[in-house]
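The values are calculated or read from the model by the stated rules, or taken from the named source; none is laboratory data. Worth saying up front: this structure is predicted, and the values here are computed from it rather than measured. Cβ placement follows ideal geometry from the backbone for every residue including glycine, while neighbour counts extend to all protein chains displayed.
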């Protein structure tokens with residue numbers, strides 16, 4: 001099981017704040033994005049500017065996302 | 001009449017906050033300093049670092065100080 | 001360096017200068033308040049709604065402050081970010097820094113705000129017009 | 001740019017964020033408080049006594065703010081400098097700046113403090129030990 005969190009515009013695109021993904025195997029960020037694009041094709045315009053966080057830490061493209069992880073899609077931030 | 005104001009260390013050296021100088025003629029800053037040094041020789045160590053203000057504005061060495069002016073001796077400031 | 005970070009849905013009440021200042025080792029206390037402006041993308045607005053990925057936002061703010069504290073050692077720093085609907089003229093963020101000297105305090109304020117706007121998962125979710133203001137907020141403003 | 005400068009012998013009470021912030025055009029409110037430290041030239045002290053050439057100090061502060069305002073346009077800036085005997089841990093100076101964006105506000109704060117320390121005729125007159133504290137001040141602290 002992997003938990004995916006959506007914020008800001010990504011919440012609008014997917015229509016939800018989170019997704020529980022019954023996932024048995026680890027996957028790369030690219031594989032995650034590919035699968036999200038299959039579910040919500042409109043998410044692809046956000047892909048270039050969106051960072052991934054795994055269990056609350058930003059990760060690069062070579063990190064493996066594991067079952068049990070909380071993975072957040074972080075579009076460009078605008079706090080303050 | 002010229003009014004001379006002393007602040008901070010210069011007040012200690014001269015023992016006073018101000019001096020009313022019955023002065024009939026204009027003088028240069030250098031002439032003023034020479035006369036102050038005659039009155040209080042110990043003031044000379046402060047001369048290099050002390051600026052003069054005439055009627056509340058810093059002035060350079062070529063400004064004439066006139067009867068009626070308020071002349072302040074401004075040692076290095078330390079506010080804030 | 002004492003670090004305290006907080007997210008709140010309530011109006012920010014900047015805490016008074018703390019005991020740290022009365023101790024005699026702090027010469028500088030600097031504060032910054034980021035306020036919601038009445039215009040967003042050129043259109044008049046009544047409020048902004050902010051959203052946060054709360055546990056990560058708290059952790060990243062704390063990490064940024066700790067890292068900046070190595071370069072600009074301060075005695076204490078406290079950040080409060082408001083989320084939810086924030087009416088125009090009210091504070092979205094407050095940061096207060098106690099330091100030995102003003103240079104560290106100013107560097108901490110300014111660099112923290114720059115880093116916040118790059119890395120802390122908080123978003124201006126949407127702008128609200130006057131007709132969209134919930135009654136509770138407009139009455140309380 | 002609204003400018004207000006003030007010298008006082010009383011403890012500084014930072015005024016609350018003003019009406020200027022509620023107007024909706026200010027996104028940034030920055031404050032700096034310079035606090036008397038418990039040590040001067042390596043020796044513990046109880047207070048500092050400040051002295052000012054008052055009319056000139058007010059005028060020079062006003063001039064500095066007006067000049068900086070041309071480079072860093074802000075909406076309003078207010079400075080209060082305390083003179084006389086200031087106990088350790090209390091504020092000698094307070095400056096508050098309201099601006100459209102934080103960059104102008106930070107530049108105004110930091111450059112004003114630099115200029116103040118060069119040109120404004122205010123002096124730390126002397127350091128007082130605990131035994132020299134007037135009763136009124138130590139009771140009030």
Examine the stretch C:105-117 for a residue that is facing chain A (nearest Cβ under 9 Å) and surrounded by 19 or more Cβ atoms within 10 Å (Cβ to Cβ), and state whether such a residue exists.
yes
If you check residue A:42 against the conditions, is it closer than 26 Å to residue C:49 by Cβ, surrounded by 15 or more Cβ atoms within 10 Å (Cβ to Cβ) and at pLDDT 95 or above?
no
Name the one entry in C:4, C:51, C:13 that is under 17 Å from the mean Cα position of the chain (by Cα), at the interface with another protein chain (Cβ under 8 Å from one of its Cβ atoms) and surrounded by fewer than 22 Cβ atoms within 10 Å (Cβ to Cβ).
C:51
Selection within the stretch C:32-48 - touching a helix residue (DSSP H, G or I) at 6+ places or on another chain (Cβ under 9 Å) and either surrounded by fewer than 21 Cβ atoms within 10 Å (Cβ to Cβ) or farther than 28 Å from residue A:56 by Cα (or both)
C:44, C:45, C:46, C:47
Scan C:96, C:129 and give me the residue that is more than 9 Å from chain A (Cβ to nearest Cβ) and surrounded by fewer than 23 Cβ atoms within 10 Å (Cβ to Cβ).
C:129
Evaluate the following for residue D:28: is it farther than 24 Å from residue C:99 by Cβ and either buried (at least 23 other Cβ atoms within 10 Å of the Cβ) or at pLDDT below 95 (or both)?
no
